[in-house]
Amino acid sequence: MENEHLTEKIDIIDIPKEIKEILKQNGVKTIKELCSKTKTDLKNMRLSFYEINKIQVEVQLLGLNLQKCE
């Protein structure tokens, strides 16, 4: 069963507005698009280690994970 949060906009997660703006500028508008990113992808968007961890925690609270970098 697909998580119901995947189709929602990233605005629902509790991260600072500045981080949301960076994500949106990089084409990430939904939770599904965010979950398809790796930590490396987020780092390449110029997000800091702290910001990436904040995103990861908030995504996990929805029962989801960021894409694993294999």
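Annotation: per residue accessible area for the chain equals 68 Å², rounded to a whole number [probe 1.4 Å, protein chains only].
Can you pull out the trypsin sites (Lys or Arg not before Pro) in the range 22-62 whose DSSP state is coil and whose Cβ has at most 13 other Cβ atoms within 10 Å?
Values: sites: Lys24, Lys29, Lys32, Lys37, Lys39, Lys43, Arg46, Lys54; in loops: Lys29, Lys37, Arg46.
When the trypsin sites (Lys or Arg not before Pro) of the range 22-62 are filtered for loop state and at most 13 Cβ neighbours within 10 Å, Arg46 remain.
Excluding same-chain neighbours fewer than eight residues apart, the lysines reachable from Lys9 by a Cα-Cα span under 19 Å are Lys17, Lys20, Lys24, Lys29, Lys32, Lys37, Lys54. With all protein chains in place and a 1.4 Å probe, the accessible surface of the chain carries 50 percent carbon and sulfur.
If I stretch the segment between Lys9 and Gln56 completely, what's the gain in nm (0.36 nm per residue apart, minus their alpha carbon distance), one decimal?
Working: separation 47, 0.36 × 47 = 16.92 nm, distance 1.57 nm.
Fully extending the segment from Lys9 to Gln56 adds 15.4 nm.
The values are calculated or read from the model by the stated rules, or taken from the named source; none is laboratory data. What you see is a predicted model, and the numbers here were worked out from it, not measured in a lab. All Cβ positions, even for glycine, are placed from backbone atoms using ideal geometry, and neighbour counts span all protein chains on display. Note: accessible area is taken over every heavy atom of the protein model, side chains too, but ligands, DNA and RNA are not part of it. Shrake-Rupley method; radii C 1.70, N 1.55, O 1.52, S 1.80 Å.
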